[in-house]
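What follows is one structure encoded as structure tokens, with my remarks underneath.
The values are calculated or read from the model by the stated rules, or taken from the named source; none is laboratory data. Predicted model, so just to flag it, every value in this text is computed and none were measured. Quick reminder, even Gly has a Cβ in these numbers, built from the backbone with ideal geometry, and neighbours come from all protein chains shown.
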Amino acid sequence: MSKAIVFDTETTGIDEPRLVEAAYLEIKPDLSMGPMFCQRYNPGKPIEYGAMATHYIMDEDLIGCRPHADFSLPADVAYLIGYNVDYDWKVIGSPDIKRICMLALSRMLWPGLDSHSQSAVLYFLNRAKARELLKDAHSAAADVMNCTRILWRVMQNLEPQEKEDWEALWRTSEIARVPTVMSFGKHKGMAIRDLPADYKQWMLKQSDIDPYLMQALRAK
């Protein structure tokens with residue numbers, strides 16, 4: 001079976017984010033854990049205060065660290081698993097690799113939750129231990145471990161054909177990532193299938209449209 005890792009980053013912030021910390025954990029076919037990698041990097045630009053307040057990493061902590069551009073995924077990894085995985089994928093340069101999005105799968109399996117943040121889902125799945133598990137949240141290694149815990153529960157709740165192997169889970173994730181309801185704009189909350197035809201056409205002309213939203217808008 002192709003190799004999969006659970007992956008997370010901490011970054012400089014919202015404006016053209018650069019890597020300051022990366023962590024990944026190999027997940028074996030039986031869902032057991034392989035070795036953990038975690039390392040900090042010098043981003044070559046200041047960390048935004050909002051990001052600093054989230055992950056507690058300061059610019060002076062990164063003096064002497066390797067440049068952010070030195071990071072690369074292991075060559076034999078075929079699947080990248082993460083929570084809102086595209087953010088972390090883009091931070092490392094959008095490598096040609098299949099991504100499995102735990103945020104999308106959580107939304108698909110538990111649509112009634114008022115929040116689908118990783119922390120909120122962990123409280124939903126493991127209320128008794130969530131506070132302890134989240135005490136180091138927003139460090140890359142801790143977030144990787146919590147994402148892995150959610151992965152285990154997701155796998156328990158999927159049908160056998162949806163999780164037969166990493167390729168099957170990737171296909172399930174791709175389906176889950178296609179939205180069914182508008183999450184923004186003048187028609188926020190409306191089912192995408194019920195959007196006015198002229199609004200769909202207008203949305204499809206936007207240059208920055210999410211490819212999964214585009215797929216939903218084009219569906220018959």
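Points to keep in mind about this one:
- So residue 215, is it under 27 Å from residue 81 (Cβ atoms), without any contact (Cβ under 8 Å) to a residue 60 or more places away in the chain, of a type in the set (S, T, N, Q) and outside the structural domain of residue 104 (by TED's automatic domain parsing): yes
- Output for the stretch 54-105, where each listed residue is among the aromatic types (Phe, Trp, Tyr) and part of a loop (DSSP other than H, G, I, E, B): 56, 71, 83
Conditions tested, residue by residue: (1) surrounded by fewer than 15 Cβ atoms within 10 Å (Cβ to Cβ); (2) touching a helix residue (DSSP H, G or I) at 6+ places or on another chain (Cβ under 6 Å); (3) assigned by TED's automatic domain parsing to the domain that holds residue 20.
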site	(1), (2), (3)
53	yes, no, yes
62	no, no, yes
66	yes, no, yes
79	no, yes, yes
82	no, yes, yes
91	no, no, yes
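- Only listed residue being over 21 Å from residue 146 (Cα atoms) and either among the charged types (D, E, K, R) or in contact with an Asp or Glu (Cβ under 7 Å, 6 or more places away or on another chain) (or both), chosen from 30, 86, 76: 76
- Leading residue by the ranking (surrounded by the fewest Cβ atoms within 10 Å (Cβ to Cβ)) among those in the stretch 106-125 that are assigned to a helix (DSSP H, G or I) and among the polar types (S, T, N, Q): 119
- Test: residue in the stretch 143-159 that is part of a loop (DSSP other than H, G, I, E, B), of a type outside the set (A, V, I, L, M) and either touching a Pro at 6+ places or on another chain (Cβ under 8 Å) or within 16 Å of residue 82 (Cα to Cα) (or both): no
- If the condition is being hydrophobic (A, V, I, L, M, F, W, C) and more than 17 Å from residue 88 (Cα to Cα), then the stretch 58-74 contributes 58, 62, 63, 65.
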